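One structure below.
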Number of protein chains: 2
Amino acid sequence: MAVATTQSLEELCINSIRFLAIDAVEKAKSGHPGLPMGAAPMAFVLWDRFMRFNPKNPKWFNRDRFVLSAGHGCMLQYALMYLTGYDSVTIDEIKQFRQWGSKTPGHPENFETPGVEVTTGPLGQGIANAVGLAIAEAHLAAKFNKPDLTLVDHYTYVILGDGCNMEGISGEACSLAGHLGLGKLIALYDDNHISIDGSTDIAFTEDVSKRFEAYGWHVLHVENGNTDLDAIHKAIAEAKSVTDRPSMIKITTTIGYGSPNKQNTAGVHGAALGGDEVKLTRENLGWNYEPFVVPEDALNHMRQAVERGASLEAEWNETWAQYKTKYAEEAALFERMLSGKLPENWDACLPTYKPEDKALATRKHSEICLNKIAEVLPELIGGSADLTHSNLTELECSGSFQKGSYENRNLHFGVREHAMGAICNGIALHGSGLIPYGATFLIFTDYMRNAIRLSALSHAGVIWVMTHDSVALGEDGPTHQPVETLASLRAIPQLTVLRPADGTETSGAYKVAVENAKRNRPTLIAFSRQNLPNLAGSSMAGVEKGAYAVVDCDGTPDLILIGTGSEVSLCVKAAEQLSDKKVRVVSMPSWELFEAQDAAYKESLLPKAVTKRLVVEAGVSMGWCKYMGSEGDIIAIDRFGASAPGNVCMEKFGFTVDNVVAKAKALLG
Amino acid sequence: MAVATTQSLEELCINSIRFLAIDAVEKAKSGHPGLPMGAAPMAFVLWDRFMRFNPKNPKWFNRDRFVLSAGHGCMLQYALMYLTGYDSVTIDEIKQFRQWGSKTPGHPENFETPGVEVTTGPLGQGIANAVGLAIAEAHLAAKFNKPDLTLVDHYTYVILGDGCNMEGISGEACSLAGHLGLGKLIALYDDNHISIDGSTDIAFTEDVSKRFEAYGWHVLHVENGNTDLDAIHKAIAEAKSVTDRPSMIKITTTIGYGSPNKQNTAGVHGAALGGDEVKLTRENLGWNYEPFVVPEDALNHMRQAVERGASLEAEWNETWAQYKTKYAEEAALFERMLSGKLPENWDACLPTYKPEDKALATRKHSEICLNKIAEVLPELIGGSADLTHSNLTELECSGSFQKGSYENRNLHFGVREHAMGAICNGIALHGSGLIPYGATFLIFTDYMRNAIRLSALSHAGVIWVMTHDSVALGEDGPTHQPVETLASLRAIPQLTVLRPADGTETSGAYKVAVENAKRNRPTLIAFSRQNLPNLAGSSMAGVEKGAYAVVDCDGTPDLILIGTGSEVSLCVKAAEQLSDKKVRVVSMPSWELFEAQDAAYKESLLPKAVTKRLVVEAGVSMGWCKYMGSEGDIIAIDRFGASAPGNVCMEKFGFTVDNVVAKAKALLG
């Protein structure tokens, strides 16, 4: 223990972080020690002096949020969580770094490790999530805080690296954050000049600080992030003092700081140092402790976070108690939102339709649903990536969320689909009961696919509103016409994909989506640009089952027509022309929901015995063989679309009643 | 015709552009008249005074390249092409704007309209394509130009809008372009303050010029882009004079210029003006011509492009003739590259392997192939999005493509997957025979999906090199482990997806990929991180068929095992343990190639009679039902992965010989 005395308490803490990372990566023979070694000082200052959190109640509402956007450095976060006393990250879990079933996976995963806020690793997602967290805080503060009682008041801190700053999604998100003036968003940029390929000189020589200034951020620079703790302290304090703009603190560090032969090289980015170098690093940093051993002084110091957190929470609870008595109505809403519950009969707001009701595009029905829901669910907040009046996603009961009007619920994301996705994930994962929705054309899910995937992986209860869902969108042509898109989204685990056929099914889709959101599950709904008739047999309950008979026959059908979305009405009309046969028409808005039904229901709807089935969907055939039956056929589009009026496209690609009837007759023989 | 005389020749030309766009959109009742109306002056100056092209030979090699990144304004380009005399865009085609089968689709499509260089519309793609075009020009110039003879020498011009500048992909591409100092890339930013949602004030208030300065660009501003032609002229001239940096000219315009009631509103962005407003606009701009009528003076003036282009080409042909005599060897290569041909027996460079050869990861075999190919094909150029030493994509025979070393063939894209994708498309669509490849982890195709899609749609002969292709990558965990990714890529039309099983199959995959590239078709190859044994039965010829028997039996099999990539060797080992049964093992590296085989081959490999089939692939099961057979089964991963050593993951998810044998026996009963 001799050496410890030669190190200040702060050095002890910082080196404890470094060596927990070094030792964990060494034991796992896998991981990224470099970032934790270099960023340990900034992380220590942030967690020890600035962050408000409660290790014993990681979900305490008013905690500051921390996002490690450079998720590969996750041992930095695990070390901090262990040192500050989170139950989820014990020393044994750290010894199990990157092993099956551990709470210390290879990147931060909120669904595995209580206390981790969001799931990062894919670069740039974290900083964009953080913008979402800051939007959620700003909105809730504007909504619930009172002149005499502040209920919502926390910062969102991010550590990001060069990789995050190279990704387009971070540029999109930070441009929007600057526009919105999110003053409680503070980004610490670990400027270490090294990415996996080596020095950033080979590909990344832009002036990052100037770019953030162009975005409207408050920008600071700490020149020596390795040892100048006071400079880091001053910078964060200054960042907190500027409340009308987000702050970016560029902190220049040395990746792998302390490793005599590997610091400042890509070699320390994604690989263990190796036994000899670990030994040299211990000598170099005067660290005589055994692997995974943390000096008592350091642990005692950092574990003060437990007491500090408890008193912070107690303080807030006091405010909350007063708030409940003085502002009962707002308190009731706040409490319900935090509980994840929905109001009784909330879904009574969702309209159903009769065939005589006006034919509308399902995107129009979506607009009606969103506005009905917005009235009963104040937690609904969202918008479009600059297609508000095409996606039809504006909430009439509210204004535009802008600097100075954070209480509003219409988010204008700009043409920034990928950031929109990650921001919606951040709003959902804020954990305050907000239900975010994000909208664009279905084809442009390609621009935000990783964010949609992460909503499913990280249990973010987002509603993805995707319009213009087939070649029927028409003249914009193949660059805008989705054909493979539905299939590619159905392939994502834990994502519920819905394609409603009419107004009633749209209501059913939103019932599923809102209830999913409250269970922390994302839902993607595909809507038509063109008008669709309201079907006599459509039902919300049917939608909840994923597939159901929208037209049925007596006894076992000779033929089953299966359609989704805009193609269901084609099948219904075709069935009328096949009245001499026993034909069932199955509307199948969601594969995932249907697969979740019991075997009996599935067999009753699609009996194995009925092998003559015709699937009709204006997209690729991929995956449909599962439901087609051994003697089945499909009308699909296994090619790219074309620029022409929507009705012409549908006709040219075979989506006509006549063609459905012809194909059906061919099957019936 | 009176009014015409009151307009200068330039005004006549500019208004001709405007009204061709207005009239075409009006007739189609669909399209975007706003941008063509506002950007007509800059486009006129560019095409009339600066651009070097030949309307009668749109593919003339040394033409300047023009990209309309704001592709929704395509009538601007069609008008320019008609006025300057391209055969592809006649006045009748303009009257057929956005109609089925016309040469004037809703967005610029290079595969539909000769003279259009790339396919744009999805915002931000065009500017990134342009970076690729500029990289191609810089590389070829460094490679072929001689002190006394300049063979390659052209500019790449782009018109982009606010939407393009909001997209992350444009930030990625422009940051890299600034780093590389691509001095012959000139971007004209149509700064009209309007996007679909309305004023950019609601979501986009950053300082774009300052951001481009931060990227290292030469930035200029034309304050009145509506009428100040001299300022536009001076700016472009100045941009051309700065050769060590790309130039961005911000040109402030009024969207829908000339429309009294709709200019400077979102109303003119994506909809026809309407009969009355068209009338008012004609009056306002003093335009007495009937719809689609262009004043002779204007047409005569702009059609001078035909003569100018012919003489430019003749000049260049003269240089080319001298070049051929003085530099026969380089000329031969240049000629072969332009011809799209491959050298005789080029594929002799691709190695094949025996079981006794060392087991390597297919990503390692990929590295070997890339380096062998690079030696025989000087047109191979590419790199990775900051994962060079994980993807193993470095060409040892060349250096890094950097400012001052453009002759090199290793591109360092930085952590910019989406830009990498669009840049590779641009390099391919430069039309000079270059074969670009772009690499990242398979999972991060999610970051660049739209660019991959556009490579397929727009016939860009790119090779997509995707490593770490399953949960077997291990510790990085579910954020990095692809499960649905292969399925989502197989869904894309016109894209060939391959997943080789060993060294020989990797060579087969590259044979397909290189030959596809020369036929302007993209290929995506998925490679393993982990080592795989070399199989006795694997063959390059088999890969070219998409699927083949890597192990076979006498007569009709009792069971067919179907695997891809790393799972094929599992199937082979399982077959050995099932020696008492007649078992065929099918390696199926590519669905698309197999589907392209004749019915006889398909039936012989997968006889309908053999209904007992077991598919083994470490990804989602989606789509495999097509090959499973009515009594088949599958070992797949229909969930997200987990962080653990790769071999542990594979075992936990059931990818063991024992499990394959057990499932097979269950099928055999």
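The values are calculated or read from the model by the stated rules, or taken from the named source; none is laboratory data. Quick caveat: nothing in here was measured; it's all calculated off a predicted structure. Cβ atoms come from the backbone with ideal geometry, glycine included; neighbour counts cover every protein chain shown. Just the protein is used for accessible areas: all its heavy atoms, side chains included, with ligands, DNA and RNA removed. Shrake-Rupley method; radii C 1.70, N 1.55, O 1.52, S 1.80 Å.
Among the conditions (1) over 19 Å from residue B:35 (Cα atoms); (2) of a type outside the set (Gly, Ala, Ser); (3) out of contact with any His (no Cβ under 8 Å at 6 or more places or on another chain), the only one that residue B:62 does not satisfy is (3).
The single condition among (1) closer than 19 Å to residue B:477 by Cβ; (2) open to solvent by 30 Å² or more (accessible area, probe 1.4 Å) that residue A:34 does not satisfy is (2).
Remark: pairs (first residue in region B:327-350, closer than 17 Å to residue B:380 by Cβ; second residue of a type in the set (Ser, Thr, Tyr) and surrounded by 13 or more Cβ atoms within 10 Å (Cβ to Cβ); Cβ separation under 7 Å; 6+ apart in sequence or on different chains) = B:337/B:432; B:338/B:432; B:350/B:507; B:350/B:510.
Here residue B:152 fulfils each of the conditions (1) within 12 Å of chain A (Cβ to nearest Cβ); (2) open to solvent by less than 10 Å² (accessible area, probe 1.4 Å); (3) in contact with a helix residue (DSSP H, G or I) (Cβ under 6 Å, 6 or more places away or on another chain) apart from (1). Where helices (runs of 4 or more DSSP H) fall entirely within region A:360-471, those with at least 1 residues that are closer than 18 Å to residue A:138 by Cβ are at A:417-429. Out of B:144, B:111, one residue alone is more than 14 Å from every other protein chain (Cβ to nearest Cβ) and at pLDDT 95 or above. It is B:144. Looking at region A:97-107, which of the residues that are within 9 Å of chain B (Cβ to nearest Cβ) and not aromatic (Phe, Trp, Tyr) is surrounded by the fewest Cβ atoms within 10 Å (Cβ to Cβ)? Checking each candidate, the answer is A:101. The single condition among (1) small (Gly, Ala, Ser); (2) crowded, with 24+ Cβ neighbours inside 10 Å; (3) in contact with a Lys or Arg (Cβ under 9 Å, 6 or more places away or on another chain) that residue A:126 does not meet is (3). Identify, please: which residue in region A:197-233 is assigned to a helix (DSSP H, G or I), open to solvent by less than 60 Å² (accessible area, probe 1.4 Å) and within 14 Å of another protein chain (Cβ to nearest Cβ) and is, among those, nearest to residue A:163 (Cα to Cα)? Once the filter is applied, the top-ranked residue is A:200. When each of A:182, A:123 is tested for being touching a Pro at 6+ places or on another chain (Cβ under 8 Å) and within 14 Å of chain B (Cβ to nearest Cβ), the lone residue that passes is A:182.
Determine which member of the set A:642, A:536, A:541, A:618 is in contact (Cβ under 8 Å) with a residue 24 or more places away in the chain, open to solvent by 30 Å² or more (accessible area, probe 1.4 Å) and in a loop (DSSP other than H, G, I, E, B).
On inspection, the qualifying residue turns out to be A:536.
Taking each residue of region A:423-440 that is in contact (Cβ under 8 Å) with a residue 40 or more places away in the chain and outside the structural domain of residue A:113 (by TED's automatic domain parsing) and looking for partners that are among the hydroxyl-bearing types (Ser, Thr, Tyr) and in a loop (DSSP other than H, G, I, E, B) with beta-carbon atoms closer than 6 Å, six or more apart or interchain, yields A:439/A:393. Note on region B:54-96: residues that are open to solvent by less than 10 Å² (accessible area, probe 1.4 Å), over 24 Å from the mean Cα position of the chain (by Cα) and of a type in the set (Val, Ile, Thr) amount to 2. For region A:637-668, the candidate set comprises residues that are within 11 Å of chain B (Cβ to nearest Cβ) and among the β-branched types (Val, Ile, Thr); within that set, the residue that is farthest from the chain's Cα centre (by Cα) is A:648. Note on region A:234-276: residues that are in a helix (DSSP H, G or I) and more than 20 Å from residue A:209 (Cβ to Cβ) amount to 5.
Which one is least open to solvent (accessible area, probe 1.4 Å), of the residues in region A:234-269 that are free of Cβ contacts under 8 Å to residues at least 40 places away in the same chain and among the polar types (S, T, N, Q)? Ranking the candidates gives A:241 first.
Scanning region B:389-401 for residues that are open to solvent by less than 10 Å² (accessible area, probe 1.4 Å) and without any contact (Cβ under 8 Å) to a residue 60 or more places away in the chain yields one hit, B:395.
Of the residues in region B:170-189, at least one is assigned to a loop (DSSP other than H, G, I, E, B) and touching a Phe, Trp or Tyr at 6+ places or on another chain (Cβ under 8 Å). When each of B:357, B:347, B:386, B:297 is tested for being among the charged types (D, E, K, R), within 30 Å of residue B:11 (Cα to Cα) and touching a helix residue (DSSP H, G or I) at 6+ places or on another chain (Cβ under 8 Å), the lone residue that passes is B:297.
Does residue B:490 count as of a type outside the set (Val, Ile, Thr), within 20 Å of the chain's Cα centre (by Cα) and open to solvent by 10 Å² or more (accessible area, probe 1.4 Å)? So residue B:490 fits the description; yes. Which residue pairs have Cβ atoms under 6 Å apart, sit 6 or more places apart or on different chains, and have a first residue in region A:485-501 that is within 9 Å of chain B (Cβ to nearest Cβ) and farther than 20 Å from residue A:616 by Cα and a second that is open to solvent by 10 Å² or more (accessible area, probe 1.4 Å) and among the basic types (Lys, Arg)? From region A:485-501, the pairs are A:493/B:639.
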